[in-house]
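Quick note: the coordinates plus some simple rules give every number you see, no bench work behind them. Bear in mind the structure is a predicted one, so any value in this text is a computation, not a measurement. As a convention, Cβ positions derive from the backbone with ideal geometry for all residues, glycine included, and neighbour counts pool all protein chains shown.
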Amino acid sequence: MSVTQQPAPAPGSDPAGDEAAEQLRDRISADSLTTRRDYLRIVATVSGGLAIGGVGVAAGILHRHGDSETLPPTKKVTDRLEPGQSVAFRYPGDEDRALAVRLADGALVGYSAVCTHLACAVLWREDRGPDGELLCPCHEGVFDARTGEVTAGPPPRPLPKVFLTERPDGSVWAVAIARSGEPAKDALCRQFGDAHPLESAQLGCPGAPVAPESRRT
Ligand code: FES
């Protein structure tokens with residue numbers, strides 16, 4: 001069962017679940033400085049078209065996992081990804097296939113590798129155009145490698161995005177997911193919920209308080 005298929009326990013009704021949630025909050029808190037910056041970069045970068053320096057953001061993947069209502073744990077994808085390279089990985093669950101691609105111009109993108117037609121595996125073909133193409137060989141479905149949008153074949157929806165960040169040591173990390181076609185900010189605000197009030201405030205999520213860090217700047 002994937003992470004997103006697991007039903008959420010009622011508050012206070014599952015000590016083991018509460019403990020796991022607490023451990024997750026502790027881990028996210030320990031990584032909070034990097035993670036909050038990552039989320040802000042995701043929104044700025046995806047809104048601005050993926051062209052950023054220093055930190056790459058990828059959007060990418062999610063089949064059923066895009067339905068998760070909570071933020072999945074951050075996961076290391078690879079130590080390094082050079083232009084013209086791609087790497088398959090699993091995120092957010094161990095059975096959730098995903099794909100990270102470094103385009104020729106350095107943009108870093110990530111998607112669910114599960115075709116939105118009939119769930120065959122999607123591959124990156126570097127030799128097809130400037131950005132290559134994301135190809136599903138089952139029925140010749142084709143997705144734009146930079147946006148995940150459908151460009152040919154029977155897939156009915158874009159590939160769900162996986163948001164990626166690149167850290168100073170060059171390692172690539174998956175930090176969040178989106179539903180097919182869902183804007184980055186909407187996806188993050190939905191998954192932050194009440195568990196990440198500071199991040200929600202910094203992104204300007206609906207109903208979030210004014211961020212303390214924003215008031216100081
Ligand atoms: S399963 Fe991908 S095009 Fe049909």
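Tabulated data
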item: Net +/- balance of residues flanking PRO83 in space, Cβ distance below 15 Å, scoring K and R +1, D and E -1; result: -3
item: Stretch gain in nm, segment GLN85-HIS139, where the contour uses 0.36 nm per residue and the Cα spacing is subtracted; result: 17.0 nm
item: Segment 54-182 - charge dipole about Cα centre, Lys and Arg +1 at Cβ, Asp and Glu -1, debye rounded to 20; result: 180 debye
